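Undergrad: Pasting in a structure now, in structure tokens, and then I'll have a few things to ask.
All of the numbers you see were taken from the coordinates with simple rules; none came from a lab. Computed from a prediction, not measured in an experiment: that's the story for all the values here. When we count neighbours, we look across all protein chains shown, and the Cβ atoms used for this are built from the backbone with ideal geometry, even at glycine.
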Amino acid sequence: MANFITKNIPNSITCCNLISGCIATSFALVNRPELALLWIVIGATFDFFDGM
């Protein structure tokens, strides 16, 4: 079980990054730049950890 979790951590982080980008785009389209910026920062954080 631990091996399964360890093998899927990078994929989970990548999916979180993708979802964060979609949410940021959604907020940008409805003219909520402050929330879009927040989700961009969250996505950048996931991207940082994905690159490790």
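Undergrad: Using Cα pairs under 8 angstrom and six or more residues apart, how large is the relative contact order of the chain, in percent?
TA: Contact order relative to length: 41 percent.
Undergrad: Taking volume of the Cα convex hull per residue in Å³ straight from the coordinates, which label in (i) 92; (ii) 78; (iii) 60 is the correct one?
TA: (iii)
Undergrad: At what distance in nm do the modelled label points of Ala28 and Met1 sit from each other, each positioned 7 Å from its Cα along Cα→Cβ?
TA: 4.1
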